[in-house]
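All of the numbers you see were taken from the coordinates with simple rules; none came from a lab. Keep in mind that this is a model prediction, so the values were computed, not measured. Here Cβ is always computed from backbone atoms with ideal geometry, including for glycine, and neighbour counts include all displayed protein chains.
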């Protein structure tokens, strides 16, 4: 091999090394950028939400509710004040009543199932439902028809709670 060929071969080898180093550096930079992109700041997150259409946002909310078991709906709370119980009369007066109050007397052994039933019946959030169950005896739903009251009573009794209709 001549000196020119040797020189050319060493220059080609050096060029290959430099190209390889550049490629490795580029891969490291891409990995770093990817890692930074994966970590969103609060501002980036809300910036993304701001750019969504209403339909896209509704899809996000639906996915969030399904994934984490929460509800975005604000529910009205229909609870009686303590001591504001409906007075009980004789059997004839009770038959003539058109509005009933469902009162949770005791929880039983399946507290979590009772909380789920409270949420189902009242549309309360998890914390509010838990607080209601923890503070039994407490009115769950007021001013409802006898049929609805009986249905609610059956739901609670099926999960082991003690219910009283007033």
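By the Cα gyration tensor, segment 91-165 has an equivalent ellipsoid whose semi-axes, rounded to whole angstrom, run 22, 12, 10 from largest to smallest. Sorting 50-62, 144-156, 115-127 by their mean Cβ neighbour count within 10 Å, with the most densely packed peptide first, gives 115-127, 144-156, 50-62.
Using 1/(1 + (r/R0)^6) with R0 = 45 angstrom and r between the beta carbons of residue 43 and residue 120, what's the FRET efficiency to the nearest 0.05? It would help to have the intermediate numbers written out before the result.
Details: r = 38 Å, r/R0 = 0.84.
Calculated transfer efficiency: 0.75.
Summary of packing: across the peptides 101-109, 21-29, the per-residue average of other C-beta atoms within 10 Å ranks them, highest first, as 101-109, 21-29.
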